[in-house]
Amino acid sequence: MMSKKAVLASQEARIRTILDIFAQTSRLPIGIYEKQNGESVGIFASDNPSLYEEHCRYIQSLPGGKAKCVADEKRRAKEVREKGEEGLSICHAGIYNYAVPVALDDEVKAVILYGELRLAEASHEKISLEKHAEAVSNLGLDAEQAQTLKRLLAKVKDYSEDEFAHLQATLPQVAEWLYRIFDDEEKARYHIEKITHEIQTRIQGILNAENLLTEFDELKKYDLKMGIHGIINSAEALATVVNNLGKFQREYRFYRQRIETLLIESKRIYEAEAKRKGIEIKFDLRPVDGNDAHVELSRDHLQLAFNNLIHNAIKYSFRGAPGRERFVKVRGRQEGHLYSLAIENYGVGILPEEIAEGLIFDENYQGKLTDGEFRTGSGKGLFFVKQVLKEHHGTISAFCEQKSQGDSPEGQPHLVRFIIKLPFQQPAR
Amino acid sequence: MSTPKKKIVWIEDDTDIINDVVRPLERGGYLIERFYTVKEALDNIEKLRACDLILLDLIIPPGTDERFGHYPGMHLLRTFRNDFHLQQPVIVLSVVADAEVFQDLKDLNAEIENKPILPSKLKRLVEQVLGV
């Protein structure tokens with residue numbers, strides 16, 4: 001993984017490239033202020049003094065002048081960030097810049113300050129001259145320096161509305177596009193870290209088998225058997241995590257099979273984990289015409305889908321304890337030409353809007369309530385499950401009911417139920 | 001008179017899956033107390049104060065959060081050191097591989113070990129840190 005410092009350096013290099021292109025084509029100075037670790041950090045086009053008005057260069061050549069300009073720009077960038085509105089921003093010495101906040105999802109990521117101008121309009125000119133007088137005093141200028149500064153202020157170009165309208169039309173969009181890329185990259189980086197965490201956790205489960213070797217002579221046959229089961233289960237759970245990434249799936253091959261076999265397999269993989277959490281996995285699978293239910297399905301895929309659903313039900317269940325029994329229930333029955341399965345648990349809930357808008361089945365989406373007391377997963381599982389069911393011409397829907405009252409649903413127990421409907425027979429392909 | 005058993009607090013949300021990683025420590029007589037979330041650890045601060053060593057994961061509930069950033073474990077460690085002045089040795093077990101995160105952990109006087117880790121290696125590391 002790139003370190004945060006390396007990420008920022010790469011982003012700054014790309015921002016500077018855009019700023020250079022803008023400065024070279026518009027011949028205007030430009031800077032972007034970002035908030036990094038609570039500080040306002042300025043990034044500027046490559047040093048080209050000719051872009052700046054003589055007025056600015058003169059102030060910056062005076063003792064303490066540059067520091068005052070830097071502090072003033074940071075202050076103004078902060079003002080624009082807080083207001084979130086683009087418009088004119090006047091500097092401490094009477095020159096206007098155009099200021100544009102770059103916002104993504106209602107959050108201002110940066111503030112662009114560009115151009116140096118005066119405006120012929122009387123009220124603007126009055127403010128310019130007042131600022132000029134303040135600067136003369138603040139910078140401790142003598143009469144000759146004050147006169148020079150006033151002469152240079154008068155030379156600053158007065159931009160027409162058309163000139164600025166042209167600039168306004170391009171730069172903010174480019175900046176927004178760039179920050180959108182940074183935002184996506186950040187999400188991807190964090191996502192990879194989470195998947196790594198999931199995978200390494202399962203590998204840890206396998207490495208723990210080292211205990212079997214060190215304790216081999218003392219172990220009973222039963223303990224050895226359970227230990228080996230532990231290794232196999234961890235490897236199978238690891239395969240589910242990797243397959244959820246979607247890139248390692250085999251082709252769909254449909255055969256008529258006993259659905260209970262797949263559910264028992266999922267139970268076997270996650271039973272030890274459930275047991276440690278004080279949760280029992282219970283099945284209530286009703287026969288179809290007096291026999292076990294047989295459904296035409298692609299075994300590898302549906303197995304992974306069931307693994308995901310049963311593991312989620314365990315992961316997001318509240319812990320069991322003496323006198324507080326916890327279950328993951330799997331109920332199955334025939335509903336006409338469909339086989340219906342309900343997988344339910346008692347624990348962390350799903351918000352009504354996440355269900356109504358289908359968000360929980362979106363790739364990389366993580367339920368808001370799982371951010372509370374429970375760490376989220378990789379955000380791949382339910383997306384994968386939905387894809388698998390679609391291939392089977394089946395459906396999946398989620399239901400959630402809050403089981404106790406409280407100001408916030410976070411931490412309150414919910415009954416969560418996923419209902420799957422699968423046709424017994426696949427349509428001809 | 002027998003030596004009192006060393007107490008270790010393990011802050012990790014995946015203990016249901018990786019519980020056996022501390023088995024050699026438990027067999028070696030160490031007492032392990034498990035906490036699963038930032039909140040649970042902070043609610044039990046006196047138990048942490050009384051322990052001999054803390055094993056800490058960086059990615060623990062509540063996950064990414066405005067207050068804690070991506071690594072709630074880091075926030076927790078900072079709180080232990082700065083607000084509660086806990087001086088115990090801390091071993092961070094994590095998959096995070098960011099040089100700046102490592103530096104922050106070093107600054108907070110933590111030992112860092114990548115996950116996954118062999119249970120025997122963890123025991124050796126704990127004993128090395130405790131000077132046993």
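The values are calculated or read from the model by the stated rules, or taken from the named source; none is laboratory data. Keep in mind that this is a model prediction, so the values were computed, not measured. All Cβ positions, glycine included, derive from the backbone under ideal geometry; neighbour counts span all protein chains shown. What goes into the accessible areas is simple: the full protein's heavy atoms, side chains included, and nothing from ligands, DNA or RNA. Shrake-Rupley method; radii C 1.70, N 1.55, O 1.52, S 1.80 Å.
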(request) Might you let me know whether the stretch B:122-130 holds any residue that is assigned to a helix (DSSP H, G or I), within 14 Å of another protein chain (Cβ to nearest Cβ) and among the basic types (Lys, Arg)? (result) yes
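Just checking, which of B:Asp20, B:Asp14 is facing another protein chain (nearest Cβ under 10 Å) and open to solvent by less than 30 Å² (accessible area, probe 1.4 Å)?
Being facing another protein chain (nearest Cβ under 10 Å) and open to solvent by less than 30 Å² (accessible area, probe 1.4 Å) holds for just one of B:Asp20, B:Asp14, which is B:Asp14.
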(request) Could you check, for the stretch A:181-203, whether at least one of its residues is farther than 30 Å from A:Gln36 by Cβ, crowded, with 16+ Cβ neighbours inside 10 Å and over 32 Å from the mean Cα position of the chain (by Cα)? (result) no
(message) Quick test of your reading of the structure: A:Asn233 fulfils all but one of (1) in a helix (DSSP H, G or I); (2) more than 10 Å from every other protein chain (Cβ to nearest Cβ). Name the failing condition by number.
(response) (2)
(request) Select, from A:Glu325, A:Glu335, A:Glu353, the only residue that is closer than 21 Å to B:Asp14 by Cα, surrounded by fewer than 17 Cβ atoms within 10 Å (Cβ to Cβ), assigned by TED's automatic domain parsing to the domain that holds A:Glu271 and among the acidic types (Asp, Glu). (result) A:Glu325
(request) Would you please name the residue that is farthest from the other protein chains (Cβ to nearest Cβ), looking only at residues in the stretch A:250-267 that are open to solvent by less than 70 Å² (accessible area, probe 1.4 Å) and under 28 Å from A:Ile195 (Cβ atoms)? (result) A:Tyr252
(message) If I ask for residues that are touching a residue at least 12 places away in the same chain (Cβ under 8 Å) and either within 7 Å of chain B (Cβ to nearest Cβ) or over 23 Å from B:Lys121 (Cβ atoms) (or both), which ones from the stretch A:205-214 would you list?
(response) A:Gly205, A:Asn208, A:Asn211
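Could you please find all residues in the stretch B:78-104 being assigned to a helix (DSSP H, G or I) and either closer than 19 Å to B:Arg49 by Cα or more than 14 Å from every other protein chain (Cβ to nearest Cβ) (or both)?
Selection gives B:Arg78, B:Thr79, B:Phe80, B:Arg81, B:Asn82.
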(request) Sort out which residues of the stretch A:254-268 are in contact with a His (Cβ under 9 Å, 6 or more places away or on another chain) and in contact (Cβ under 8 Å) with a residue 40 or more places away in the chain, and write them in order of number. (result) A:Phe254, A:Arg256, A:Gln257, A:Ile259, A:Ser266
(message) Scan the stretch A:104-124 and tell me whether some residue there is over 26 Å from A:Gly65 (Cα atoms), in the same structural domain as A:Glu176 (by TED's automatic domain parsing) and open to solvent by less than 30 Å² (accessible area, probe 1.4 Å).
(response) yes
(message) Given (1) touching a residue at least 24 places away in the same chain (Cβ under 8 Å); (2) touching a helix residue (DSSP H, G or I) at 6+ places or on another chain (Cβ under 8 Å), identify the lone condition not met by B:Leu125.
(response) (2)
(message) Kindly evaluate B:Leu93 against the criterion of being touching a helix residue (DSSP H, G or I) at 6+ places or on another chain (Cβ under 8 Å), at pLDDT below 95, closer than 17 Å to B:Leu125 by Cβ and of a type outside the set (S, T, N, Q).
(response) yes
(message) Whether any residue in the stretch A:271-294 is in the same structural domain as A:Gly349 (by TED's automatic domain parsing), in contact (Cβ under 8 Å) with a residue 60 or more places away in the chain and part of a helix (DSSP H, G or I) is what I want to check.
(response) no
(request) All but one of (1) modelled with pLDDT of 85 or more; (2) open to solvent by 50 Å² or more (accessible area, probe 1.4 Å) hold for A:Ile420, so report the exception by its number. (result) (2)
(message) Can you report the number of residues in the stretch A:33-48 which are out of contact with any helix residue (DSSP H, G or I) (no Cβ under 6 Å at 6 or more places or on another chain) and either open to solvent by 40 Å² or more (accessible area, probe 1.4 Å) or hydrophobic (A, V, I, L, M, F, W, C) (or both)?
(response) 8
(request) Filter the stretch A:9-32 for residues that are surrounded by fewer than 17 Cβ atoms within 10 Å (Cβ to Cβ) and on the phi < 0 side of the Ramachandran plot and give the result. (result) A:Ala9, A:Ser10, A:Glu12, A:Ala13, A:Arg14, A:Arg16, A:Thr17, A:Asp20, A:Ile21, A:Gln24, A:Thr25
